[in-house]
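Rule-based calculations on the coordinates, nothing more; no lab input. Keep in mind it's a predicted model, so treat the numbers as computed, not measured. Using ideal geometry, Cβ is built from the backbone for each residue, glycine included, and neighbour counts are taken over all protein chains shown.
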Amino acid sequence: MVDVLLGLQWGDEGKGKIVDYFARNYDIIARFQGGPNAGHTLYVQDKKIVLHQIPSGIFHEGIINLIGNGVVLDPVILRKECDTVATFGVDVRKNLFISERTHLILPTHRALDKAAELSKGDGKIGSTLKGISPAYMDKTGRNGLRVGDLLHKSFISNYIKLRLKHQKLLDNYNFSDDISAWEEEFFDALEFLKTLNIVSGEYFINDALNRGKKVLAEGAQGSMLDIDFGTFPFVTSSSTISAGVCNGLGVAPQKIREVIGISKAYCTRVGSGPFPTELEGETGENLRKTGNEFGATTGRPRRCGWIDLVALQFACMINGVTSIVMTKADVLDAFEELSICIAYNTDGEDENKVPFQMTRNKIIPNYKTFKGWMKDSSVFKYKNELPVEMNEYIDFINRHLGVPVHYISNGPGRDQIINIS
Ligand code: GDP
Ligand code: IMO
Ligand code: MG
């Protein structure tokens, strides 16, 4: 069976750490969407590593990691990641597999991303500029090049055709950056990519499932960044929700068992777009400092705010979440008072549904306040150590969402996690 682990907010919920923690229970860890816009942080041998495209099970010997067809892959970034994991003794030729249907991010996709963002001015999305949206546009526009195409001699001529098409678009944007160095790196990286395990991902995973192997599908980004259900247009360009697992890996819906949702004990967002519970003053600054909330991919400061149960309930609904892991609970340790958003107030009315357009009407969060626990929770190891106030905070969330919080993560370290189920 396939279990799914994904973010319930606007990304950076701590998915990487939690996948790494659960990985030992699975045979295969598979990425099903997104690309190097993701930054998943893990600690291995007390060293911090940020993975962008390689699944977060890579440091476990004997576990297979699969980059699924739903991902868009930048070969240059992949090669750098492979070099990084190799310094920890990981042999990617043994435990990393890539679907031949995975679309490639070309240098011109990165250029187009930059040109499109610049042209949007104040309305910019805040993209990571990794070429994600142009690569998915070429996929749905039926132009893109796939990993499997690399192995055929028509690749170069198809590349040149697409590059010419992209050049016309870049000219329209008056974009004149010289990308020849990117192209050189890209072609070098393609030679490296050809030496990796390129497989038919859908047969690979279904054969494994038929042999009774267990798969964990690792989400990137978060549910509120989903192309359909997120805060459009301030979203990413893929299906970040559990439905994305089926078309991003080629597994049937009835194979999916648990859907583990990851949420911070508060909330963050990086990039533009609506964020009803954002705290712009001192409290937000404190959350950013204590939580070290700076983007793992771009280094940008993350916007911080209180946990939002309207958005979380929505995310639980569209994903079919069966249990929650609440991360970064320790970040709230020194807050005397905590707030939980239980409704959106628009035009004097309380609403408990996520609206079609969050930006159309001003949303004032309706908060319920809680007493902070004011204890160093990062040292706790067992459920019975949790302070009363922390239990009250979690119980309220459990009851409100109707989905149980099964684990609390209380620090970035590999073993800083408490089973409270
Ligand atoms: P991802 O994109 O969902 O994998 O999350 P990121 O790696 O982008 O961001 C999560 C950040 O929080 C990383 O720096 C993690 O090391 C850190 N982190 C994860 N869990 C915890 C936790 O429980 N407490 C604290 N203090 N930090 C955590
Ligand atoms: P992980 O997997 C947080 C955000 C960007 C931007 C919007 C579109 O680490 O949680 P894109 O580069 O996809 O065109 O950017 O989505 N974004 C993320 N925010 N975590 C991520 O990934 C993100 N990936 C994209 O900041 O607002
Ligand atoms: Mg991240």
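Brief remarks follow.
- Of the residues making up the stretch 7-35, those that are within 15 Å of ligand 2 (Cβ to nearest atom) and either touching a Cys at 6+ places or on another chain (Cβ under 6 Å) or among the hydrophobic types (A, V, I, L, M, F, W, C) (or both) are L8, Q9, W10, I18, V19, I29, A30, F32.
- Unique residue being touching a Pro at 6+ places or on another chain (Cβ under 6 Å), of a type outside the set (D, E) and closer than 22 Å to I28 by Cβ when the list is N95, N65, N69: N65
- The numbered conditions (1) touching a strand residue (DSSP E or B) at 6+ places or on another chain (Cβ under 8 Å); (2) more than 15 Å from ligand 1 (Cβ to nearest atom); (3) in contact (Cβ under 8 Å) with a residue 60 or more places away in the chain are all true for F314 except (1).
- S378 meets each of the listed conditions (1) under 16 Å from V325 (Cα atoms); (2) polar (S, T, N, Q); (3) part of a loop (DSSP other than H, G, I, E, B) apart from (3).
- The listed residues are K114, K153, and the only one of them that is without any contact (Cβ under 8 Å) to a residue 40 or more places away in the chain, more than 30 Å from I28 (Cα to Cα) and more than 16 Å from ligand 1 (Cβ to nearest atom) turns out to be K153.
- Within the stretch 1-53, tally of residues that are part of a helix (DSSP H, G or I) and within 17 Å of the chain's Cα centre (by Cα): 9
- Every pair of residues 6+ apart whose Cβ atoms lie under 6 Å, when the first sits in the stretch 46-62 and is without any contact (Cβ under 8 Å) to a residue 40 or more places away in the chain while the second is within 16 Å of ligand 2 (Cβ to nearest atom) and polar (S, T, N, Q): I58/N65
- Segments classed as strands (runs of 3 or more DSSP E), wholly inside the stretch 256-327, with at least 2 members that are within 21 Å of L42 (Cα to Cα) and within 12 Å of ligand 2 (Cβ to nearest atom): 256-264, 267-269
- Residue identified as of a type in the set (D, E) and crowded, with 18+ Cβ neighbours inside 10 Å among D138, D188: D138
- Out of V259, V235, V245, sole residue that is out of contact with any strand residue (DSSP E or B) (no Cβ under 8 Å at 6 or more places or on another chain) and under 30 Å from Y26 (Cβ atoms): V235
- Once the stretch 397-410 is narrowed to residues that are part of a loop (DSSP other than H, G, I, E, B) and surrounded by 20 or more Cβ atoms within 10 Å (Cβ to Cβ), the residue that is farthest from ligand 3 (Cβ to nearest atom) is V403.
- Candidates in the stretch 255-302 are the residues that are more than 10 Å from ligand 1 (Cβ to nearest atom) and under 30 Å from D207 (Cα atoms); of these, the one that is farthest from the chain's Cα centre (by Cα) is K255.
- The listed residue being in contact with a helix residue (DSSP H, G or I) (Cβ under 9 Å, 6 or more places away or on another chain) and crowded, with 20+ Cβ neighbours inside 10 Å, out of I18, I49: I49
- Close pairs (7 angstrom Cβ cut-off, 6 or more residues apart or separate chains): under 16 Å from F22 (Cα atoms) in the stretch 400-421, assigned to a loop (DSSP other than H, G, I, E, B) and within 16 Å of ligand 3 (Cβ to nearest atom) anywhere: S409/G14; S409/K328
- For S238: the one exception among (1) under 19 Å from V310 (Cα atoms); (2) touching a helix residue (DSSP H, G or I) at 6+ places or on another chain (Cβ under 8 Å): (1)
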